[in-house]
Amino acid sequence: MNILSLLLAAVLPVLSGPDARLQVSFEDNGGTLRYQVAYDGKTLVAPSRLGLQTNEIDYTRLSVVSVDTEQLRDTYVLDRIKTSHVDHAALRAVLHCQNPDGRKLDVEWHLTDHDAAFRYVIPREGETGSVRVLRETSAFRFPEGTTGFLTPQSDAMIGWKRSKPSYEEHYTLDAPLDRRSQYGHGYTFPCLFRVGGDGWVLVSETGVDSRYCASHLSDYDAAEGYTIAFPMPEENNGNGTVDPAFSLPGATPWRTITVGADLAPIVETTIAFDVVEPRYETTRSYRYGKSSWSWIVWQDASMNRDDQVAYIDLAAAMGWPYILIDAGWDQEFGHAGMEELVRYARSKGVDVFLWYSSSGWWNDIVQSPVNVMCDPLARKPEMRWMESIGVKGIKVDFFGGDKQETMRLYEHILSDADDHGLMCIFHGATLPRGWERMYPNYVGSEAVLASENMVFGQNHCDLEAMHAALHPFLRNTVGCMEFGGVFLNKRLNRANGAPGPGGRVFGTQRRTTDAAELAVAVLYQNPIQNFALTPNNLTDAPAVAIDFMKEVPTTWDETRLIDGYPGRYIVLARRQGATWYVAAINAGEEPVKLDVKAVEARLGGTARVLSTGKDGLEAAPAPKKPLSIAQNDGAVLVIR
Ligand code: CA
């Protein structure tokens, strides 16, 4: 090591989170800048590269020139996910770096007690006013013995009507890292890692808007670990570039690392929202709540007036504010017929969401309306019409992937929709990356193997409890998740077990108890929940279940993990006002013991327990002995 590198090494900082248990340190051996993350002195992210390369400047070799730090507070209102008021200390640090040619780049860090996020900020120097980013060398390496909870990035232009990638793949749990991903394209965010007995790490990204592409993690490389990977050229039917481009000065999205000795910080993190800002102000006010939805169980055949009226009446009977009217409404009713149906719904106190395909030049979708949301010339008058008849939101489906071109489409749909007081739900879509705070009319995205798959295939019913014990640690912890759950039918079709032709019983079969289904209403979080209840449930489901589904909130003031292990079981507490809703589900063969008295003592209050008794779902006060929750069973504690 020469004198110069010793001098340079001397300025490398060690950044500490506010309570000093999280530390990020740096090394720049020979001009390759690496960071490392430790919690309570244990290394959770091993030395990993920083840097990026643009078409103009190579920033893959960087030296730190100086560092600025600032203590600040993340204080803001978050009205639709996890916790309503965020208020915690943070450290903002800027590593002023330069490449071997003296070209400047800032690596900006944001540390909370459990999160370390970073992004690159490129200044404008000289004539160059814009750049394309060709690749990022940002990497994530993990200590020996680390296992991953990961879901692969799909091939492009495969699946239903060539609509993938759409973040609808299975997970591999607790698996060694040195294996090829299913498609060889790496893994979608968020990615969870267990560093042996030392702790947990969740890696994701946030702040992705029209000025960048959405990224994912590459396959694992023994030397570099996982690196940030851009979309595939084939996505969006080959249209649009893989390289993101932005004007200078400009910044990349944030790469986020959440760490903990246990899983509570993973489930409770707000880092996806801490480092982003609203992209536009709204003059509208948006109301969240529950919704009925005929398509999920009654499917395409329910796109007729009688069935839509039945689901409007279901929403009204439940006191739910919304109905989602899914694909094909334009062909069945036309715009004039829809005006009449919306009028009927509103006369019952129920507001309407309408489905659209995102369709343009990126897939083969025929479900209609098509070719409206992709085209501002068609989209704007359509949104004016929706506002004029009192429609409150849209569900837009089947997007083209993760390229910057598609991120631009999401942002433009959201922005135009806000002009007309319309909320937006996205399906067949990418993961939201901070959008709950960035866009005032954003509701939630699918980006998960959602409830529709339980209607399509028995294996998804068999996996229902596993998924409910998984997503609060992963998909749903970084963003609102439009799952469409809570089935009270035993068979997931209209007949619900009544024999069809030849005496046969059709339909996939639910494996979970009613108590487990009620738990799903709390475990899965979206500010508007399109639940899978059917009109017959008003009379054939337990009254206790119906009463609970009338009552359960869809937004929360606070979220706390009580216990759990990803994919095995979970006990999760969410508070609205003075009431805690504690939801438990067990996917494992071993019964889960839930000490209700201990939960009462921890959260404060008296529990009403919804659980599985001898005759099915029952409501009772807290039992003295711990509740025993069998496989595919669950429980909800309502603690006041
Ligand atoms: Ca889907």
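The values are calculated or read from the model by the stated rules, or taken from the named source; none is laboratory data. This is a predicted model, so every value here is computed, not measured. Using ideal geometry, Cβ is built from the backbone for each residue, glycine included, and neighbour counts are taken over all protein chains shown.
Structure notes:
- When residues of the stretch 607-626 are limited to those that are touching a Leu at 6+ places or on another chain (Cβ under 9 Å) and without any contact (Cβ under 8 Å) to a residue 40 or more places away in the chain, the one nearest to residue 593 (Cα to Cα): 626
- Of all residues in the stretch 410-424 being of a type in the set (A, V, I, L, M, F, W, C) and touching a Phe, Trp or Tyr at 6+ places or on another chain (Cβ under 7 Å), the one that is nearest to the ligand (Cβ to nearest atom): 424
- Test for residue 473: is it assigned by TED's automatic domain parsing to the domain that holds residue 635, among the aromatic types (Phe, Trp, Tyr) and closer than 28 Å to residue 309 by Cβ: no
- Cβ-Cβ under 8 Å pairs, at least 6 apart or on other chains, the stretch 21-46 side within 20 Å of residue 89 (Cα to Cα) and in the same structural domain as residue 63 (by TED's automatic domain parsing), far side part of a loop (DSSP other than H, G, I, E, B) and of a type in the set (Gly, Ala, Ser): 23/17; 39/261; 40/261
- Residues that are among the hydrophobic types (A, V, I, L, M, F, W, C), touching a helix residue (DSSP H, G or I) at 6+ places or on another chain (Cβ under 8 Å) and part of a loop (DSSP other than H, G, I, E, B) are absent from the stretch 248-261.
For (1) under 17 Å from residue 441 (Cα atoms); (2) of a type in the set (Asp, Glu); (3) surrounded by 22 or more Cβ atoms within 10 Å (Cβ to Cβ), each residue gets a yes or a no:
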residue: 334; (1), (2), (3): no, no, no
residue: 352; (1), (2), (3): yes, no, yes
residue: 373; (1), (2), (3): yes, no, yes
residue: 387; (1), (2), (3): yes, yes, no
residue: 417; (1), (2), (3): yes, no, yes
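- Hits in the stretch 428-446 - residues which are within 16 Å of the ligand (Cβ to nearest atom) and either farther than 14 Å from residue 475 by Cα or of a type in the set (Lys, Arg) (or both): 428, 443
- Test: residue 396 is β-branched (Val, Ile, Thr), in contact (Cβ under 8 Å) with a residue 40 or more places away in the chain and either more than 30 Å from residue 506 (Cβ to Cβ) or away from the ligand (no atom under 12 Å from the Cβ) (or both): yes
- Pair list, Cβ under 9 Å, 6 or more apart: the stretch 437-461 residue touching a residue at least 60 places away in the same chain (Cβ under 8 Å), other residue near the ligand (Cβ under 9 Å from one of its atoms) and outside any loop (DSSP other than H, G, I, E, B): 446/397; 446/452
- The residues of the stretch 244-278 that are of a type in the set (Asp, Glu) and out of contact with any Asp or Glu (no Cβ under 6 Å at 6 or more places or on another chain), listed by number, are 262, 268, 277.
- Checklist (1) within 16 Å of the ligand (Cβ to nearest atom); (2) small (Gly, Ala, Ser); (3) in a helix (DSSP H, G or I) applied to residue 465, failing item: (1)
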